[in-house]
Amino acid sequence: MNELIKLDDLDRQILETLMNDARVTYAELAKRFSVSPATVHVRVEKMKSAGIITGTEVLVDTKALGYDVCCFIGINLYAARDYHSALEKLEQLEEVVEAYYTTGAYNIFVKLMCRSIEELQYVLIDKLQAIKEVQSTETLISLQNPIKRNVRP
């Protein structure tokens, strides 16, 4: 596990700015926070080395790509020992965009994106429930995603 490093106000400001727009240049950050670009570079590298910054990503509008159905599925396995093999099979399903190993009612909780309810039905019956380690599932369809944000640094 990564050792926690202490972030100061400048680190937090840089991180928050990059979280809002990862394309901001070090020169722009330096100007904004009245430090040198080298200082920004050192701070960003420190956060990368500590595992705080793990990469950058392009965010896409899933609806614009035709994915109209977002759902969450609670999965119960036959046995806890089935976790690793079930997870390997879930990773092969392109519709699964997130997976969590959880406590409580389900062993695994996944987020699926599908283009339609018909596609969701196909994925559930012919793909997900066909995994031999899966004992049962419960599907929750998302109607909207009114809050979507990162944690604050």
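The values are calculated or read from the model by the stated rules, or taken from the named source; none is laboratory data. Everything quoted here is computed from the prediction, not taken from an experiment. So basically every Cβ, Gly included, is an ideal-geometry build from the backbone, and we count neighbours across all protein chains shown.
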- Item | Residue that is farthest from Lys48 (Cα to Cα), among those in segment 14-28 that are assigned to a helix (DSSP H, G or I), in contact with a Lys or Arg (Cβ under 9 Å, 6 or more places away or on another chain) and free of Cβ contacts under 8 Å to residues at least 60 places away in the same chain | Thr17
- In segment 1-39, what residues are among the charged types (D, E, K, R) and surrounded by fewer than 16 Cβ atoms within 10 Å (Cβ to Cβ)? Glu3, Lys6, Asp8, Asp9, Arg12, Glu16, Asp21, Arg23, Glu28, Lys31, Arg32
- Query: How many of the residues making up segment 118-143 are over 17 Å from Glu88 (Cα atoms) and more than 23 Å from the chain's Cα centre (by Cα)?
  - Reply: 5
- Query: Considering Tyr101, Tyr78, which residue is surrounded by fewer than 17 Cβ atoms within 10 Å (Cβ to Cβ) and either touching a Leu at 6+ places or on another chain (Cβ under 9 Å) or in the same structural domain as Met19 (by TED's automatic domain parsing) (or both)?
  - Reply: Tyr101
- Which residues, taken from segment 125-140, are under 18 Å from Tyr100 (Cβ atoms) and not acidic (Asp, Glu)? Leu128, Ile131, Val134, Gln135, Ser136, Thr137, Thr139, Leu140
- Is it true that Ile75 is part of a loop (DSSP other than H, G, I, E, B) and either of a type in the set (A, V, I, L, M) or out of contact with any strand residue (DSSP E or B) (no Cβ under 8 Å at 6 or more places or on another chain) (or both)? no
- Item | Among the residues listed as Val42, Val60, the single one being closer than 30 Å to Cys114 by Cβ, loosely packed, with under 14 Cβ neighbours inside 10 Å and free of Cβ contacts under 8 Å to residues at least 60 places away in the same chain | Val60
- Note on the structure: By residue number, the members of segment 40-85 that are modelled with pLDDT under 95 and on the phi > 0 side of the Ramachandran plot are Gly51, Gly55
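Only one of Val123, Val96 is of a type outside the set (Ser, Thr, Tyr), surrounded by 15 or more Cβ atoms within 10 Å (Cβ to Cβ), closer than 22 Å to Tyr78 by Cβ and in contact with a Cys (Cβ under 9 Å, 6 or more places away or on another chain). Can you tell me which?
From the options Val123, Val96, the qualifying one is Val123.
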- Message: Show the residue pairs meeting these rules: Cβ distance below 6 Å; 6+ apart or different chains; first residue within segment 81-100 and touching a residue at least 40 places away in the same chain (Cβ under 8 Å) and closer than 20 Å to Met113 by Cβ; second residue surrounded by 13 or more Cβ atoms within 10 Å (Cβ to Cβ) and of a type outside the set (A, V, I, L, M).
- Response: Ala86/Glu133
- Note on the structure: Within segment 93-117, restricting to residues that are outside any strand (DSSP E or B) and of a type in the set (A, V, I, L, M, F, W, C), the one that is nearest to the chain's Cα centre (by Cα) is Leu93
